[in-house]
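Remarks on the structure that follows.
Quick note: the coordinates plus some simple rules give every number you see, no bench work behind them. Computed from a predicted structure; not experimentally measured. FYI the Cβ positions are ideal-geometry reconstructions off the backbone, even for glycines, and counts take in every protein chain you see.
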Amino acid sequence: MKLYSYIVARDYGFAPNPFHGFCTLATCKPPIRAHAKVGDWIVGTGAKKRYDFAGRLIYAMQVSELLDFDTYWNDSRFLLKRPDLNGSLKVIYGDNIYHRDGKRWIQANSHHSLEKGRPNKANIVWDTDVDRLLVATKFVYWGASAPLIPNRFRPFRRTGRDICCKTQGYQVFDEELAAAFAHWLEEQSKWGFQDDPLEFAKHKRSTQQSGGDRADG
């Protein structure tokens, strides 16, 4: 068992997507998606520059399944994760956005496409560089209520390494830290979706100011 840690630079509920009973990492972070195995933990920490949330836990998920994009697209369990830009925020930021027509990648109208649903070639190349995504049924997603990560993991006493990255990229930790962090999560007795993504509040303010009637999730 390993633990992969990185900074969630923009928390929209898209990467990861913690809705509809599953936490999925289906876009961005191709190196993590390429190497993580079932049983490994993925930890996303808060961004200092955008949110002043450095040192906080946005989410943690233990990988339960590894899927390719076509399987994800067609699996009935994940149909609600297909985006609809006229739906609620949870639906707008759906991450089930890729499937293939022959060898050609189809990108759904989504957070990663261009205006009016035009394919974003740069995002297609980046996201599909690894035809592999991560699914978790055991996860906690804190979002806007992200708690501080205990000092004993910053740095971890036995290795001297901080679980929180200082820059973009990711870190990989061995079983000892992964097990200790998982034990801390168990002690919290908080699992599943806990609070909205940080960016949802901006959407809500914008909708209220404009008098719109878009649902907020």
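Within the shell of other residues whose beta carbon sits under 14 angstrom from the beta carbon of Ile58, the net charge comes to +1, with Lys and Arg scored +1 and Asp and Glu -1.
As a length-normalised measure over Cα pairs under 8 Å and 6 or more apart, the relative contact order of the chain settles at 29 percent. Ranking Tyr141, Trp105, Pro155 by Cα position along the charge dipole of the range 71-158, where only Lys, Arg, Asp and Glu carry charges on their C-beta atoms, puts Pro155 farthest toward the positive end.
Subtracting the Cα-Cα distance of Val130 and Leu85 from their residue separation scaled by 0.36 nm leaves 13.7 nm.
When only the Cβ of Lys, Arg, Asp and Glu is charged (+1, +1, -1, -1), the dipole of the chain relative to its Cα centre reaches about 560 debye. When the trypsin sites (Lys or Arg not before Pro) in the range 143-202 are filtered for DSSP coil states and for at most 16 other beta-carbon atoms within 10 Å of their beta-carbon, the remaining sites are Arg152, Arg157, Arg158, Arg161, Lys166, Lys190.
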